[in-house]
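Before any comments, here is the structure.
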Amino acid sequence: MDGIVGIYSPNDKELVNKTFLATGACQHRGKACTGIAIGNGKGIYIYKGLGRIAEVIDYSMIKIFQDLDPTAAIGNIGYTKRNIAEKTNAEPIEIFPKKGSKYKLVLTMDGYLIKEDDLKAELAPYYGFHTENKTEIIGALLHKYVNEVGINFEAGERLVDKLHGRATFALTALINDGKETFLISLNDDRAFEPFCYALIDGSFVVSSESCSHRRLHGMLEKEYDGAEMTICSSNGYETKRLRNEFMMPDIFQGVYYGNVGSLFRGKEIFQLRKELGLELIDKYKTSKADFVIPNPDSGWGVSVGIAEGLEKSLYPALIKLPQAIRTFQEGERNTRSQEVGLKFGGVDSLLKGKNIAMGDDSIVRGSVSEGGSVWVVYNAGASYLEFWISYGPMFFPSFKEWYRGPECLKELAVQRAFMNDNPYDKSLDEINKAISRRIGVDEVRFNSLERIKKVAGDGSFQALDASYPIGEEFWPDWLKKEVEKYYNYHIE
C-alpha cells in the first residue's frame, strides 16, 4: 500500500517542503522506498531512494529542488515492489517513449494491475520499460493517450476504460508539454484505493489520505468518487467524473491500513474502528476478562470500543518493541513466525494471573497472533485470553496476492483451520472455535459481515465474501472454484 501525494502551487516558496511533509504523513503506508518529483516550465526532475522519507530526502535536496522554482510536485512512500527492494522500482517513475514526444510524464501510483503481459506487449514497440513496477505500464498507457489527444479528460477516460475490471489505482502525475508542467490526479472507476483532495492556502493537495492535509494545517475537501480526474494548470484546476460505476472502496483499508486520524468515506478511521468494537460487544454481550488490551498498533481503535462497551479498563500491557519489523511483507510462514516473536513485549505485572480481552483488527494468516502477541501474553502469565477481532473471517486472499497461486488461499488462517473440511458451511461460532484452536487462545470472537457493513458502509469486502473490484474474466481458475463453493455452501 503506497502513500502518494500531489501538490499544485505556483510561486510557492514552500512547495517542496510541503510535498515532503504531506508525503511523510503517509509514512505508515510504506517504509521501503520514497521519492519526490517536481516540475516547472522547463521540465520534470526526480529524486528517490531506498528507506524512509527522512533517510532519503534531506534539507539540502529540498532546497535544491525549491531553487528550480517548481509549480507542482508529487511524492511517494512505498513498499517493496519485489522481494528485495531496488531503487529502480522506487517511485515516482519517468515514462520513456521510444519515439519523440513533446510530453514528458512522471507518475506515482497506489494500486495494482492484473495480468499485465498483454498490455506490456502492446506498448513495447513504443515505450522502453526500465522497471518491474506495474506503475510504469499504467504510466505508459496514460502517456500514449495524452500523446494522442492531449492533456485533457478524454485521455483519462481512455485510461479508465482500458483498465476497467483489471486494475485498481489512484495516481498523481506531472506532465510537461514543453511550456509548463501540469498536475493530474485520477483513480479507478470503483474508487477502490483511498484518494482525496483539498485546497490549502491556495495550494491544490491530493493524497492517499487526509492525514496529509492535516499535516499542512488543512482539512479534507472531498474524497474522490470512482473515475474522478483533476487537471491542474496555469488555467486553474478542474475536476470531472469520467465514468459512473458502482463504487467499491476497500473497507479493509479503513479497518487496518489507514491512519487513525484520516477520514474514510466520510468517517474518521479511529471512530470507525471504535464502532466495530462496540458492535462486537453488542453481538457477544459478555466477557470473562478483567480488563482489555490492544494488540499494537492496529488494535487500539477496536479495543477502545470493546473496553467502553464492557465498561472495563483499557491497559497498554502489550508493547511493540523498537526492533519490530513489518512481518506481513514476509512470504515464508516460518520466517514470519520467527520474526513476530521480536515484535512484542508483555507487562508481567499487569498480565500475570489475569483474564484478558485483546482487541485486534483482523486475523489473516494468523502467524503474527500465534507466534507473537498471543505467545507474549501467555508467557507473561495471563490465565485466559479472549481475542476480539474487528473484521470477519477471511476466506479469500487479496487480489494483489493472486500472482502467488493457490498458496495465498491455503495459508489463510480460516483455510488452515478447516484444511480437510469445508469452511464455507460453518457458522460463525464454529469458525471462532476452530480459529481459537488454530492460534492457541481460549476464545476468538470475529465480527460479522452485516455488522461491519453497518459501520463502514458498502464497498469491497474481498477477503470476506469475494466482492472483488476485478472482473471475473481476470480471476484465476483455482479462485473461481473456491468462490463457487462459497456461494453454494455459505451460511448467512
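Taken together, the values in this text are just the output of simple stated rules run on the coordinates, not laboratory data. Just so you know, these numbers come straight off a predicted model, no measurement behind them. Glycine gets a Cβ as well: all are built from the backbone with ideal geometry, and neighbour counts include every protein chain shown.
Given the peptides 20-28, 402-410, arrange them by the average over their residues of other C-beta atoms within 10 Å, most packed first.
With the highest mean Cβ count within 10 Å placed first, the list reads 20-28, 402-410.
Helix 269-284 versus the longest principal axis of the chain: what is the Cα-based angle in degrees, 0 to 90, to the nearest 10?
30 degrees
Would you calculate, for the chain, the mean residue ellipticity at 222 nm contributed by helices, counting each DSSP H stretch of 4 or more residues as -39,500 (n - 2.57) and dividing by all residues, to the nearest 500?
Roughly -8500 deg cm²/dmol at 222 nm, from the helical runs in the chain.
Dipole size in debye (nearest 20) for the range 268-489 around its Cα centre, Lys and Arg Cβ +1, Asp and Glu Cβ -1?
Here the size comes out at about 440 debye.
Given the range 115-238, what percent of its DSSP beta bridges are antiparallel, to the nearest 5?
Counting only bridges with both partners in the range 115-238, antiparallel ones make up about 100 percent.
Got the relative contact order for the chain handy, in percent, Cα pairs under 8 Å and 6 or more residues apart?
Details: 1122 pairs, mean separation 56.5, N = 492.
Computed value for the chain: 11 percent relative contact order.
Based on alpha-carbon centroids, what's the gap between the range 6-67 and the range 286-307 in Å, whole number please?
Here the two parts' Cα centres lie 38 Å apart.
To the nearest 10 degrees, how steeply does helix 134-149 sit against the main Cα axis of the chain, on a 0 to 90 scale?
40 degrees
Could you state the orientation-averaged shadow area of the convex hull built on the Cα atoms of the chain, in nm² to one decimal?
Orientation-averaged projected area of the Cα hull: 22.1 nm².
Mind ordering 427-437, 86-96 by average Cβ neighbours within 10 Å, highest first?
Packing proxy ranking, top to bottom: 86-96, 427-437.
Give the span of the range 87-166's Cα atoms along each principal axis, as three whole-Å numbers ordered largest to smallest.
Largest first, the range 87-166 extends 30, 30, 22 Å along its Cα principal axes.
Would you mind putting 211-221, 475-485, 98-108 in packing order, based on average other-beta-carbon counts within 10 Å, highest first?
With the highest mean Cβ count within 10 Å placed first, the list reads 211-221, 98-108, 475-485.
In nm, give the distance between the simple-model label positions of residue 404 and residue 27, each being 7 Å from the Cα along the Cα-to-Cβ direction.
2.7 nm
What ranking of 490, 143 emerges when the number of other C-beta atoms within 10 Å of each C-beta is taken as an exposure proxy, fewest first?
In order of increasing Cβ crowding within 10 Å: 490, 143.
Only counting other Cβ atoms within 10 Å, I'd like 34, 80 sorted with the fewest neighbours first.
Arranged by neighbour count, lowest to highest, 34, 80 become 80, 34.
Rounded to the nearest 5, what % of DSSP beta bridges with both residues in the range 268-489 are antiparallel?
If we restrict to bridges inside the range 268-489, about 15 percent are antiparallel.
Along the charge dipole of the chain, pointing to its positive end and built from +1/-1 on Cβ of Lys, Arg, Asp and Glu, which listed residue (160, 385, 474) has its Cα farthest out?
About the Cα centre, the residue reaching furthest to the positive side is 385.
Translational diffusion coefficient of the range 268-489 at 4 °C, 1.567 mPa s, Stokes-Einstein with Kirkwood Rh over Cα pairs, in µm²/s as a whole number.
73 µm²/s
May I ask for the angle, rounded to the nearest 10°, between helix 300-310 and the longest principal axis of the chain, with both axes built from Cα atoms and the value confined to 0 to 90°?
Approximately 40 degrees, to the nearest 10.
Give the shape of the range 3-247 as rounded, prolate or oblate, defined through the alpha-carbon gyration tensor: a ≥ b ≥ c are the square roots of its eigenvalues, a/c under 1.5 means rounded, and otherwise the shape is prolate if a/b is larger than b/c and oblate if not. Before the final figure, lay out the partial values.
Values: a/c = 1.26, a/b = 1.19, b/c = 1.06.
Rounded, since a/c falls under 1.5.
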